[in-house]
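Undergrad: Just passing along the structure, written as structure tokens.
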Amino acid sequence: MTADQALSDAPTTHQGILDFVAEIAAMTKPDAVYWCTGSDEEWTKLTDALVGTGTFTQLNPSIKPNSYYAASDPIDVARVEDRTYICSVDEKDCGPTNNWMAPDEMKTLMRGLYDGCMTGRTMYVIPFVMGHLDAEKPMFGIELTDSAYVTASMRVMARMGSKVLDRMTELDADFVQAVHSVGHPLAEGQADVKWPCNDTKYIVQFPEERTIWSFGSGYGGNALLGKKCYALRIASVMARDEGWLAEHMLILKLTSPQGVTKYVAAAFPSACGKTNLAMLQPTIPGWKVETLGDDIAWMRIGEDGRLWAVNPEYGFFGVAPGTNEHTNPNAMRTINKGNSVFTNVALTEDGDVWWEGLENPPARATSWKGEPWTPDSEELSSHPNSRYCTPIKQCDILAAEYDDPRGVPIDAILFGGRRKTTVPLVFEARDWTHGTFLGATLSSETTAAATGAVGVVRRDPMAMLPFIGYNAGDYFSHWINIGKDNDAAKLPKIFYVNWFRRDDEGGFLWPGFGENSRVLKWVVERMDGQAGARETPIGYVPTPEALDTDGLDMTDEALHAALEVDAEEWKAEIPQIQEWFEKFGDDLPGVLWSELDGLKARLGV
Ligand code: SAT
Ligand code: MN
């Protein structure tokens, strides 16, 4: 496709955008180029087309208005971490936790894959902004994709369309270049498949160029490039360079019965209940939670010295299985309003969706694999990483501050993982550096959000292991420096939580979900110097009396077990942490070794 053909409808004079579109169109050779406006008519056209190709099934409008069901190819259900690369100029900048290839080598390889890869398809040009369009420095991107599914999903997940493009043109703005192809060209007359993708997949970040090249997958985190690729991997590099933080964190607002408001950010690995915590419905009387975000927080030190957070996204991309009226009533209300896309769940006979853990199993349904399913079936109806994609504005408990480009000042940061043993329900770090140590050594059992074995304990620093766009050792230093360069008293207090500790029979010790409000209450009271805690080798753990257990159906024994710090279990962690730190060689900040020495000394090893 010539530049003239690619740009014939271009609604912008921004030379950088025009050059980008012309270059990628020349390489990928789509049949047509379409500039997205973000309008309702466009959504209708896209979704109609997706129904036409069989990718989408429209759900029953009287149950879920304007909503669609999709089932992916079974080889394309999650992020592919082994196919994800940070192609920094210098290999050292990618660090020991990422895959690396020299940028030129990767570009040569991918140009081979991209050559003609959009033949028979339309290339959609999606102008988007992560965060607010009227932010002091709006964070723009252009995603070029040959997937209508991705285009429709991007409209839910990010602010996009004509308004964004006009502003980019007006400002002659810099932007992140994001290229995506499903890698499934269509020869003349060749019929499309429901879920085009390719056995070969590459999810590649070029951090210095602020560029993303993705190939072969249509799945969320691999294909909606504003999300993990931009707002975490590329943004973490920008944040390092500019002195802020791009983190895998939810943001919530907590109001006490006395009307005192606190803002909490919390990092958990994918599929560990972040969305549920973000929209938690407290079980303790008088407390109120409002949400600002469920996945990503961009945090900057404000003029007042506090750490201010915004959610750069515009929608929720939540794990469906396990979501129900008990675990997340607010998510249920949000998705029931419609305007949503459901992927890899089950489709019921009345045109609704269902997944494991949802109330009222249907007598019959079609599984995510397209097979007949009944409650007696041995196979799951839904993939464990099946997702709903729904507009954040539909959430009844969205905090009004969501619309404030300055964001909210964070009072507490929680780090959490999924651990059957060792880690108590909650404890407080001694200070920012100790909190950074807790984040840097965060561990969790793996989940279905990424391909690979499930249930294996791995270190997942700040829940950012798959998302740090540079050397993780330098990332830890960056965290330490935020503490050093700012007034510690104004920075958030750091806590560590574990909702997933088990008893000897394998049952969960803590009921979780809405009851987690009791832990949030302790956190808030702790910050105000009111809540009791005992000092342990790992930090400050609530005394059983300090935790509000009024009306909670839990034995004293279970409560003690949930809060226990077992020195032997922690001693067993030490060699694992040591081994983890050794990976980073000289790049690991020395103060983290000192923190480990401190822990060892307190444990008496
Ligand atoms: O990577 S996704 O954004 O698709 C989901 C997740 O892992 O949080
Ligand atoms: Mn996530």
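Undergrad: Can you sort D40, D460 from fewest to most other Cβ atoms within 10 Å of each residue's own Cβ? Spell out each step's value before the answer.
TA: Details: D40 10, D460 27.
In order of increasing Cβ crowding within 10 Å: D40, D460.
Undergrad: Another question about this same structure. How many angstrom lie between the Cα centre of the range 303-345 and the Cα centre of the range 1-40?
TA: Taking the Cα centre of the range 1-40 as reference, the centre of the range 303-345 is 33 Å away.
Undergrad: If amide hydrogens are placed 1.01 Å from N in the peptide plane, which non-local residues have theirs closer than 5 Å to the one on G315?
TA: HN-HN under 5 Å from G315: I392.
Undergrad: Express the relative contact order of the range 439-530 as a whole percentage, based on alpha carbon pairs under 8 Å and six or more residues apart in sequence.
TA: The normalised contact order for the range 439-530 reaches 15 percent.
Undergrad: Residue by residue through the range 586-598, which ³J(HN,Hα) values in whole Hz follow from phi under the Karplus form 6.51 cos²θ - 1.76 cosθ + 1.60 (θ = phi - 60°), with glycine and proline marked x?
TA: Ordered by residue, 3J(HN,Hα) equals 5, 7, 6, x, x, 4, 6, 4, 4, 4, 5, 4, x Hz.
Undergrad: Specify the inter-centroid distance of the range 121-172 and the range 417-475, based on alpha-carbon positions, in whole Å.
TA: About 32 Å separates the Cα centre of the range 121-172 from the one of the range 417-475.
Undergrad: OK, next. Mind listing the phi-derived Karplus ³J(HN,Hα) values for the range 546-560, rounded to whole Hz, using 6.51, -1.76 and 1.60 with θ = phi - 60°, and x for any glycine or proline?
TA: Here the 3J(HN,Hα) series is 6, 8, 6, 10, 3, x, 8, 8, 8, 6, 4, 4, 5, 4, 4 Hz.
Undergrad: I've got another one for you. How much length is gained if the chain between Q58 and A187 is pulled fully straight, taking 0.36 nm per residue apart and subtracting their Cα-Cα distance, in nm to one decimal?
TA: Full-extension gain reported as 43.7 nm.
Undergrad: Relative to a virtual label point 7 Å from the Cα of D31 in the Cα→beta-carbon direction, which members of the range 123-165 show backbone nitrogen distances below 13 Å?
TA: Within reach of a label on D31, which here means backbone N under 13 Å from a point 7 Å along Cα→Cβ, the range 123-165 contributes 123.
Undergrad: Debye calculation, C-alpha points only, no solvent: report log10 I(q)/I(0) for the chain at q = 0.08, 0.12 Å⁻¹, in the same order as the q values.
TA: Listed by q, the Debye log ratios stand at -0.54, -1.25.
Undergrad: Residues in the range 428-444 near a label at E535, defined as backbone nitrogen under 17 Å from the 7 Å Cα→Cβ point?
TA: From the range 428-444, the list is 428-435.
Undergrad: Given the chain, what percent of its DSSP beta bridges are antiparallel, to the nearest 5?
TA: DSSP beta bridges in the chain are roughly 65 percent antiparallel.
Undergrad: Tell me, in nm to one decimal, what length is gained between D19 and N486 on full extension, where the rule is 0.36 nm per residue of separation less the Cα-Cα distance?
TA: 164.0 nm
Undergrad: A further question on this structure: At 25 °C and 0.890 mPa s, grab the translational diffusion coefficient of the range 102-203 from Stokes-Einstein with a Kirkwood Rh over Cα pairs, rounded to a whole number in µm² per second. Don't jump to the answer; show the numbers that get you there.
TA: Working: Rh = 15.2 Å.
Diffusion coefficient, whole number: 162 µm²/s.
Undergrad: Modelled label-to-label distance, A135 and T549, 7 Å Cα→beta-carbon offset: nm?
TA: A separation of 4.3 nm, rounded to one decimal place.
Undergrad: Mind scanning K521/K571; K484/K600; K253/K493 and naming the pairs with a C-alpha gap bigger than 20 Å? Please report the intermediate quantities before stating the final value.
TA: On the way: K521/K571 30 Å; K484/K600 24 Å; K253/K493 15 Å.
Beyond 20 Å: K521/K571; K484/K600.
Undergrad: List the lysines whose Cα lies under 16 Å from the Cα of K92, skipping any in the same chain that are fewer than 8 positions away.
TA: Within the straight-line cut-off, K92 pairs with K583.
Undergrad: At what distance in nm do the modelled label points of Q5 and D504 sit from each other, each positioned 7 Å from its Cα along Cα→Cβ?
TA: Using points 7 Å along Cα→Cβ, the separation is 7.3 nm.
Undergrad: Also, I was wondering about something else. Dipole magnitude of the range 221-292 about its Cα centre, charges +1 at Lys/Arg Cβ and -1 at Asp/Glu Cβ only, in debye to the nearest 20? Write down the numbers at each step before the final one.
TA: On the way: 8 positive and 4 negative charges, 29 e Å.
With Lys and Arg at +1 and Asp and Glu at -1, about 140 debye.
Undergrad: Given contacts defined as C-alpha pairs under 8 Å and at least six residues apart, what's the relative contact order of the chain, whole-number percent?
TA: With pairs under 8 Å counted, the relative contact order is 14 percent.
Undergrad: Next up: When the convex hull of the C-alpha atoms of the range 212-263 is computed, what volume per residue in Å³ does it have?
TA: Output value, Cα hull per residue: 88 Å³.
Undergrad: Run the numbers for E379 and K288: contour at 0.36 nm per residue of separation, minus the present Cα-Cα distance, in nm.
TA: Gain on extension, E379 to K288, equals 28.9 nm.
Undergrad: Working from the alpha-carbon coordinates of the range 517-595, get Rg over Rh, Rh being the Kirkwood radius.
TA: Taking Rg over the Kirkwood Rh, I get 1.10.
Every number here is computed from the coordinates shown, using simple stated rules; none is lab data. Worth saying up front: this structure is predicted, and the values here are computed from it rather than measured. Don't worry about glycine lacking a Cβ; one is built from the backbone with ideal geometry, like all the others, and counts go over all protein chains shown.
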